[in-house]
Amino acid sequence: MLLGVATAMLLATSGCSGGLLAADEAGSEETGTVKLAMVVPISGSSAPTGEYMANAAQLAVDEINEAGGVLDGRQLELLVEDEACDAQQGVASANKAVSAGAVISVGGYCSGATLPQLPIFEEANVPMIIPAANSQDLVNQGLKNVFLVNGTGNQQSTAALEYMLKTGVASVALVDDNDSYSADITAETARLIEEDGTVTLALGTSVTPGESDYSAAVRDIMNADPELVYWTGYYQEGGLIINQLRNSGFEGDIMVADGSVDGSISEIVGAGAEGVLATMTQTPDTLEGGGDWIASYEEAFGSAPGPFSLQSYDAVRVAAHAIDEAGSTDGDAIIAALEAIDGFEMFSGPLTFTADHTLSNGGFIILSIQDGAFALEDDLS
């Protein structure tokens, strides 16, 4: 059973480096629950994804607590706060979590709302294990406390180009929403396309999120006549753009980035969503042998898991492992333990962080909408 395997991996790799005794010997009193901050969208249009993430993180917390917790018996406590994919809200929630005593952060969905949280958690010496947000800007600052357990924008762009080359795409239009996450993927994809020289960049354009009429961008795309359109923003705007493209007669392929991988996009677009491609890391439905984990999630929350639930579950497990290896909740000790991880088993494979605290392999695959739901199209193996 995959759930049992995951818990066993945690216990086998967590080693108790002294626990409470070590903390007392170091002169710091450590008692009570160990608080983990999870700042994700609980309100706003991305709230469904935030719910998947918070639920999966809570599932991991419950399993770890049932197995004995961390640091020789202390229980984990998950503090869920709302980022609403809004920078101001993200800052307020990060400050709230720090004030409440969070010793490690396991949240972060929208890069634009996660980026302004970085200095808050850095000042408090709180390590961040980010499960979803993946703009290159998150690691370009070189902060010692920031770690990504989702592939970066560069790794996603690499996967996108790999698929284009594999399927013989001759020309592409890149469309973003000017958000750090979206613009990062577009810029990286454009750079890789230009360096490779095989695919023609027919158009690069940006839209303003929150609007309902994207006819100007659609008109530019139609005039550029690309074989493929790659939308790198979130699903709300992506659904509208896809719908308006299809209604304008666009017959080429459409691909979206991981921020648009949500069942809601099919509800927005309807039948026109069929065949839409996506660059994405593992989802519960594409995980080989993932049925037991899905069943455990459904039993706990009465609904199926969604995008970034696996990554959020693993972020908590990595946090617990690092806390145990550190032997305390001291930020510097946890950071050192995270940097020392070598082969910790996650759903995406063995974890060892690179020098810039990202995954050595982003693990991106290609999905497509089949019968209204995202399914595996190409594992790029």
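The values are calculated or read from the model by the stated rules, or taken from the named source; none is laboratory data. What you see is a predicted model, and the numbers here were worked out from it, not measured in a lab. Note that we place each Cβ from the backbone using ideal geometry, even for glycine, and neighbour counts take in every protein chain shown. To get the accessible areas, we keep the full protein, side chains included, count just its heavy atoms, and leave off ligands, DNA and RNA. Shrake-Rupley method; radii C 1.70, N 1.55, O 1.52, S 1.80 Å.
Take each of the peptides 37-50, 352-365, average the number of other beta-carbon atoms within 10 Å over its residues, and list them starting from the highest.
Ranking the peptides 37-50, 352-365 by packing returns 37-50, 352-365.
Which residue fluctuates most in the GNM of the chain (Cα springs below 10 Å): SER312, SER215, SER182?
Looking only at SER312, SER215, SER182, the biggest GNM fluctuation is shown by SER215.
For LYS35, which lysines qualify as cross-link partners when the Cα separation must be under 25 Å and same-chain residues fewer than eight apart are set aside?
Reachable lysines: LYS96, LYS144.
Return the label of the correct value of Cα Rg over 2.2 N^0.38 Å, as calculated from the structure shown, out of (1) 1.09; (2) 0.98; (3) 1.04.
(2)
Would you mind working out the accessible area per residue for the range 279-345, using a 1.4 Å probe, and quoting it in Å²?
Counting only protein heavy atoms, the per-residue value for the range 279-345 is 33 Å².
Taking K and R as +1 and D and E as -1, what net charge do the other residues with C-beta under 14 Å from the C-beta of ASP62 add up to?
Counting the neighbours of ASP62, the net charge comes to -3.
List the residues whose amide H sits under 5 Å from the amide H of ILE130, counting only those 5 or more places along or on another chain, with H placed 1.01 Å from N in the peptide plane.
PHE147, LEU148, VAL149
When the Cα atoms of the range 203-307 are enclosed in a convex hull and the volume is divided per residue, what value in Å³ results?
Working: hull volume 11.5 nm³, N = 105.
Convex hull of Cα atoms, per residue: 110 Å³.
Which whole-Hz couplings ³J(HN,Hα) result when phi for each residue of the range 70-75 is put into the Karplus expression 6.51 cos²θ - 1.76 cosθ + 1.60, θ = phi - 60°, listed in order with x for Gly and Pro?
10, 6, 6, x, 7, 8
Calculate what fraction, in whole %, of the accessible area of the chain sits on carbon and sulfur atoms when a 1.4 Å probe is rolled over the protein chains. List each step's numbers first, then the result.
Working: 6660 of 14180 Å².
Percent of accessible area from carbon and sulfur atoms in the chain: 47.
Add -39500 (n - 2.57) for each DSSP H run of 4 or more in the chain, then divide by its residues: what number comes out at 222 nm, to the nearest 500 deg cm²/dmol?
Theoretical 222 nm ellipticity from helices: -13000 deg cm²/dmol.
Could you compute the net charge surrounding GLU227? Neighbours are other residues with a C-beta less than 14 Å from the C-beta of GLU227; K and R count +1, D and E count -1.
Result for the neighbourhood of GLU227: -2.
Give the span of the range 208-260's Cα atoms along each principal axis, as three whole-Å numbers ordered largest to smallest.
In descending order, the Cα extents are 24, 21, 15 Å.
Say we join alpha carbon atoms closer than 10 Å with springs in a Gaussian network model of the chain; which of ASP220, ASP258, ASP177 then has the biggest fluctuation?
ASP220
Taking the chain as a Gaussian network, where each spring joins two C-alpha atoms under 10 Å apart, which residue of ASN140, ASN243, ASN178 fluctuates the most?
ASN140
Regarding the range 72-223, what whole-number volume in Å³ per residue does the convex hull of its Cα atoms give?
Roughly 139 Å³ of hull volume per residue.
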